[in-house]
Amino acid sequence: MSEFSQLSITTVPGYLASRPELSTHIDAGRLVSVVEVGDGNLNLVFIVKDEGGRGLVLKQSLPHVRTDPTWAMTRARSTREATLLAEHSRIDAEHVPALYGFDPIDYILAMEDLSDHVVWRTELNAGRVHPYAAAALGRYIGRTAFWTSAFGLTGPQKRNLVAATANPELCEITEDLVFTEPYIDHPHNRVLPGNDKDVADLRADRDLLREIGLAKLHYQNSSQSLLHGDLHTGSVFVRSEGESVRAFDSEFGFYGPTGFDLGAVWANLVIAAARAEALGEHERAVELLGLPVALWNSFELEYRSLWPSRSDPRVYGDDVLEAALAGIRSDAAVFAGAKAIRRIIGFAKATDIESLDEEQRVGAARAVLLAGRALVLERLQDSSPQALTEHTSRIIAE
Ligand code: SR1
Ligand code: MG
């Protein structure tokens, strides 16, 4: 018996019956299926359907990392996810799952069932690109970034929201796993022997380490906007019909540098492209490497379209917008580089690469490491996504 009420397939019906406020979304007395589908590192996720064809998702946090029970993890992350989801939904309901309710005792979120969608990473691994998702995520990040920034809120509103969305434990995981552990010897790290020299070369690069250190500092210091916080392709649902795109699993959400979310998407597109190239699918790799440009362009367009609504036009002139966008663009590139590198060396790998055979994996991992390094360093000369895509395309194709 666990010391908290951990949901299971058999206890879900009784649990739903104890939550009458969810009866508008599901008939707890007439369920036809309860399936546990959690495949991430952290949580239990159940999809529940009733006889009327209605469904919902229950997501419960465990007190430890799902894939490593010795690694304790605050369950308050569910509260933070609920808070973030409510905020992002208020701003851009089109691009997140609807939140039906939150149980703060057992840390359970009840959410919209999106099982008519598929996880973008799964689709990418199967060779289906869903290119529209890049522009949709650009709009999502543009809207949520603008309306939670100092341009979209008054000073007190923003400071209150910063305080309400602090997420120190999960941010520390990112600080360690993304910005530190890949650059040191750490038991979390693992690469194939064929990549040992690639990792050693990376760690010997003083210019790279300096930029990674500065990126970590920026991640820790900035409270520019309320981020999703873990926007890799495994946190995105896509559906071709209606080109629907939803960002889910926002438990790493926090107030941080806007470029972090853009960089997460960018990094995972580079990883997907390295997989495609390793499989000999060059045209697909080229298409994937073009998507960060679409992501950025759509983000920028959205952000600029909201600019007339900024909070204080007396001092937030157009020159401020240009400076802000230039900073976000450079941040997106450095965070893309850091997040690409961490998925190769560190604790949380990407199935795009892990599911390749060993020889393909070594080559693809090397390409991602080199592309990550290029994103971090070449942005110092020219941070435009177009120019950086030329660098990553050359590296991935080699
Ligand atoms: C222990 S959590 C490991 C990773 O999974 C999440 O998706 C985040 O990326 C985190 O770094
Ligand atoms: Mg996750």
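The values are calculated or read from the model by the stated rules, or taken from the named source; none is laboratory data. These figures come from a predicted structure and were not determined experimentally. All Cβ positions, even for glycine, are placed from backbone atoms using ideal geometry, and neighbour counts span all protein chains on display.
Filter region 389-398 down to the residues that are more than 16 Å from W296 (Cα to Cα) and assigned to a helix (DSSP H, G or I) and list them by number. Steps first, please.
Initial filter on region 389-398 (more than 16 Å from W296 (Cα to Cα)): 391, 393-398.
Once the filter is applied, which keeps residues that are more than 16 Å from W296 (Cα to Cα) and assigned to a helix (DSSP H, G or I), region 389-398 yields H391, S393, R394, I395, I396, A397.
Across region 349-377, which residue is farthest from ligand 2 (Cβ to nearest atom) among those that are farther than 14 Å from L202 by Cα and in contact with a Ser or Thr (Cβ under 9 Å, 6 or more places away or on another chain)? Steps first, please.
Step one: list which residues in region 349-377 are farther than 14 Å from L202 by Cα, which gives 349-364.
Then keep just the ones that are in contact with a Ser or Thr (Cβ under 9 Å, 6 or more places away or on another chain); that gives 350-352, 361.
Numbers: A350: 12, T351: 13, D352: 16, R361: 23 Å.
Out of the qualifying residues, it is R361.
Go through region 204-227 and give me each residue that's basic (K, R) and loosely packed, with under 15 Cβ neighbours inside 10 Å.
First pass over region 204-227, keeping only residues basic (K, R): 206, 210, 216.
The answer is R206, R210.
Going residue by residue through region 137-155, is there one that turns out to be in a loop (DSSP other than H, G, I, E, B) and free of Cβ contacts under 8 Å to residues at least 60 places away in the same chain? Before the answer, list the steps.
Kept after step one, since they are in a loop (DSSP other than H, G, I, E, B), are these residues of region 137-155: 149-154.
From the residues that got through so far, the ones that are free of Cβ contacts under 8 Å to residues at least 60 places away in the same chain too are none.
No, region 137-155 contains no residue that is in a loop (DSSP other than H, G, I, E, B) and free of Cβ contacts under 8 Å to residues at least 60 places away in the same chain.
Is there any pair linking a residue in region 348-374 that is closer than 21 Å to L231 by Cα to one that is modelled with pLDDT under 95 and within 16 Å of ligand 1 (Cβ to nearest atom), with Cβ under 7 Å and at least six apart or on different chains, and which?
A348/N41
Restricting attention to region 243-273, and to residues there that are in contact with a Leu (Cβ under 9 Å, 6 or more places away or on another chain), in a helix (DSSP H, G or I) and among the small types (G, A, S), which single residue is farthest from ligand 2 (Cβ to nearest atom)?
Selected residue: A273.
Within region 12-22, can one find any residue that is under 26 Å from V65 (Cα atoms) and either within 16 Å of ligand 1 (Cβ to nearest atom) or in contact with a Cys (Cβ under 6 Å, 6 or more places away or on another chain) (or both)?
no
Looking only at region 78-101, count every residue that is in contact with a helix residue (DSSP H, G or I) (Cβ under 8 Å, 6 or more places away or on another chain), closer than 20 Å to L226 by Cα and not acidic (D, E) and tell me the total.
The number of residues fulfilling the criteria is 9.
So D176 clears everything in (1) in contact with a strand residue (DSSP E or B) (Cβ under 7 Å, 6 or more places away or on another chain); (2) surrounded by fewer than 19 Cβ atoms within 10 Å (Cβ to Cβ) except one condition, right? Which one?
(1)
May I ask you to verify whether A200 is at pLDDT 95 or above, assigned to a loop (DSSP other than H, G, I, E, B), surrounded by fewer than 19 Cβ atoms within 10 Å (Cβ to Cβ) and of a type in the set (A, V, I, L, M)?
Values: at pLDDT 95 or above: yes; assigned to a loop (DSSP other than H, G, I, E, B): no; surrounded by fewer than 19 Cβ atoms within 10 Å (Cβ to Cβ): yes; of a type in the set (A, V, I, L, M): yes.
So A200 does not fit the description; no.
Look through region 40-78, keep the residues that are under 19 Å from C171 (Cβ atoms) and among the polar types (S, T, N, Q), and return whichever of them is farthest from ligand 2 (Cβ to nearest atom).
Going through the qualifying residues, I end up with T74.
So which helices (runs of 4 or more DSSP H) stay within region 285-388 end to end and still have 2 or more residues that are among the small types (G, A, S) and surrounded by 15 or more Cβ atoms within 10 Å (Cβ to Cβ)?
On the way: elements: 318-345, 351-354, 358-378.
Counting at least 2 such residues, we get 318-345, 358-378.
Can you tell me which residue is farthest from ligand 1 (Cβ to nearest atom) among those in region 25-52 that are within 14 Å of D113 (Cβ to Cβ) and in contact with a Ser or Thr (Cβ under 6 Å, 6 or more places away or on another chain)?
So the residue we want is K49.
Could you say whether any residue in region 76-84 is in a loop (DSSP other than H, G, I, E, B) and either within 16 Å of ligand 1 (Cβ to nearest atom) or not assigned by TED's automatic domain parsing to the domain that holds S250 (or both)? First the steps, then the outcome.
Narrowing region 76-84 to residues in a loop (DSSP other than H, G, I, E, B): 76.
Remaining after also requiring either within 16 Å of ligand 1 (Cβ to nearest atom) or not assigned by TED's automatic domain parsing to the domain that holds S250 (or both): 76.
Yes, the conditions are met somewhere in region 76-84.
Test V37 against the criterion of being closer than 30 Å to K349 by Cβ, within 16 Å of ligand 2 (Cβ to nearest atom) and surrounded by fewer than 19 Cβ atoms within 10 Å (Cβ to Cβ), and give yes or no.
Values: closer than 30 Å to K349 by Cβ: yes; within 16 Å of ligand 2 (Cβ to nearest atom): yes; surrounded by fewer than 19 Cβ atoms within 10 Å (Cβ to Cβ): yes.
Against the criterion (closer than 30 Å to K349 by Cβ, within 16 Å of ligand 2 (Cβ to nearest atom) and surrounded by fewer than 19 Cβ atoms within 10 Å (Cβ to Cβ)), V37 qualifies.
Would you pick out the residues in region 50-68 that are surrounded by fewer than 19 Cβ atoms within 10 Å (Cβ to Cβ) and of a type in the set (K, R)?
Residues satisfying the conditions are R54, R66.
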